[in-house]
Structure formats: C-alpha cells, structure tokens
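Down below is the structure, laid out as structure tokens.
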Amino acid sequence: EPEVTQTPSHQVTQMGQEVILRCVPISNHLYFYWYRQILGQKVEFLVSFYNNEISEKSEIFDDQFSVERPDGSNFTLKIRSTKLEDSAMYFCASRGTRKNTEAFFGQGTRLTVV
Amino acid sequence: AQRVTQPEKLLSVFKGAPVELKCNYSYSGSPELFWYVQYSRQRLQLLLRHISRESIKGFTADLNKGETSFHLKKPFAQEEDSAMYYCALSGNSGGSNYKLTFGKGTLLTVNP
C-alpha cells in the first residue's frame, strides 16, 4: 500500500540554523500539506500546496517558513532560522483528488531545536 | 472559523465496556468530519469519515448537525483499541484546500 514517507525521522539542530524537512507524498496525489504538533498540544495546520503553489497558510507559517516541490516528487518544508519554539513533530500529508478528501499522513519528523 | 473540541484528554475503560469519545465542532458551512487514530509509535491514520457511514474496527460515528457533534462509539472496547484518537474537520474555505482542523485528541486506554 502506498505511503507518505518523511525524512529524517528525528532532527536536532542549533537555534538559528536552517533545516529542511523532506516528504515524499503518494505518487498520484495532487494536494500536499504540512502540519505540526508541539509536545502536548494539538496537531496544527501550517500550509497547503496545490498546483505548484501555496493555496493556504496559517498564522504560524511566517517568513521563516517556505515549502517547495523541487523535482515533482519531493515536498520540502524549510525553516530558515530555527527558534526554540519550532521544536515539534512535523507531519506531511497528501491527498488525491478534490472529491476524495481523505488525507494520508507521513510518520512525522521530530525536530528538536537546542 | 473552524474549531474542534474534544473535551476528554484521557479516557480509561475496561475491556468489553462501551466507549464513547466526544467531539464537538464549529463551522459555518457544511463540514466533513473525520476520526483519525494514532497507535503507539505509528502515524496518524484515518479511522472513519462521516460521509461513508461505515463501521471500522467496530467503531461508528454519527454526525449530529443539530448538536454539532461527531462522537465516536464502540459497544465493546478491546485492548488493541488503546491509542490516541483525533477528531478532525475539513471545510472548503473558499477554495479546494480542505485543510484539516484537529481537536486536541483523547488518549483511550483499554484495561484488561
């Protein structure tokens, strides 16, 4: 069964450093998302991406964040200058068509900013 | 604005007992409601969606638009049901986005 895969599973970085979280969505999916979950809190929407552009972003998704689909398969989330409060579990999700609204999630990347 | 409320952070029942995980939502349009489950060390996976009106692993959930609720129920809980359960709402916010808004989750523990 096809799966969304994320790498790395755990990333430790120093405050102020740039990180790139990678995701490989399910191959025929068209809609891509990033969510995050700070420890003990709810899963929060960050950004959605469709047709090679951001379709919606949350207040959390400020100028420090960017997303890209560089090669038609990978979907990346970049945090330019990490802060301590960026420490969280980051989930990638993808969805097939407009009518099928089920989102499939990756296993997550745990980002720890020290 | 979309909002999902799961009032119980923790729920503990004995094997064979009925279980109900509560979910209330707020959305101005016609939402689509989901239950996602996360077993220990595994990814979020879809358990139920209201439009399919099916029973998965013995769980059912009925959308009550009058009470804006989508409670998850199972008549006889099993130990393997122990997991984190998230209620989620998807609404078309003017485009084809269908982002998910999650509740805070309920950790269900089924004791032997």
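Please treat every number below as a calculation from the coordinates, not as lab data. Since the structure is predicted, the reported quantities are computational estimates derived from the model, not experimental observations. Here the Cβ is made from the backbone with ideal geometry for all residues, glycine too, and neighbour counts use every protein chain on show.
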For A:V19, A:V114, ascending order of other Cβ atoms within 10 Å (fewest first) is A:V114, A:V19
Enumerate the calculated ³J(HN,Hα) couplings along the stretch A:37-50 in order (Karplus 6.51 cos²θ - 1.76 cosθ + 1.60, θ = phi - 60°), each rounded to whole Hz, writing x wherever the residue is Gly or Pro. 9, 6, 3, x, 10, 7, 6, 10, 5, 9, 7, 10, 9, 8
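Only four residue types carry charge here, +1 at the Cβ of Lys and Arg and -1 at the Cβ of Asp and Glu. Report the dipole size of chain A about the Cα centre in Debye, rounded to the nearest 20.
My answer is approximately 140 debye.
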Rounded to whole Å, sorted largest first: equivalent-ellipsoid semi-axes of the protein assembly as shown, Cα gyration tensor: 30, 20, 16
Lys/Arg +1, Asp/Glu -1 at C-beta; the protein assembly as shown dipole; positive extreme among B:G103, A:V12, A:S55: B:G103
Chain B: relative contact order as a whole-number percent, Cα under 8 Å and 6+ apart: 38 percent
What residue among B:G16, B:G66, B:G29 has the largest mean-square fluctuation in a Gaussian network model of chain B, using Cα springs under 10 Å? B:G66
Dimensionless Rg/Rh of chain A, both radii on Cα and Rh by Kirkwood, sits at 0.95
Once phi is turned into ³J(HN,Hα) by the Karplus curve 6.51 cos²θ - 1.76 cosθ + 1.60 with θ = phi - 60°, what whole-Hz value does each residue of the stretch B:14-20 show in order, with x for glycine and proline? 8, 3, x, 7, x, 9, 9
Can you pull out the GluC sites (Glu not before Pro) in the stretch B:27-112 that DSSP calls coil and that have at most 12 other Cβ atoms within 10 Å? B:E54, B:E67
Taking H as built 1.01 Å from N, whose amide H comes closer than 5 Å to the amide H of B:G105, not counting residues under 5 places away? B:Q6, B:C87
Any residue on another chain or 5+ positions along whose placed amide H is under 5 Å from the amide H of A:S55 is listed here as A:S48, A:F49, A:Y50
Given 10 °C and 1.306 mPa s, compute D for chain B with the Stokes-Einstein relation, Rh being the Kirkwood radius over Cα pairs; round to the nearest whole µm²/s. 112 µm²/s
Across peptide A:40-48, what mean number of C-beta atoms from other chains lies inside 10 Å of a residue's C-beta? 5
Please list the non-local residues whose amide H lies under 5 Å from the amide H of B:K15, H modeled 1.01 Å from N, same-chain partners needing a gap of 5 or more. B:N111
Could you list the trypsin sites (Lys or Arg not before Pro) in the stretch B:1-50 that lie in coil according to DSSP, counting only those with at most 11 other Cβ atoms within 10 Å of their Cβ? B:K9, B:R41
Evaluate peptide A:103-109: per residue, the Cβ atoms of other protein chains within 10 Å of its Cβ; return the mean as an integer. 4
Too long at a 21 Å Cα-Cα cut-off: which of A:K42/B:K57; B:K15/B:K65; B:K9/B:K74? A:K42/B:K57; B:K15/B:K65
Relative contact order (%) - chain A, alpha-carbon pairs under 8 angstrom, separation at least six: 38 percent
Let me confirm one metric for peptide A:29-37, namely the mean number of other chain beta-carbon atoms within 10 Å of its residues' beta-carbons. 2
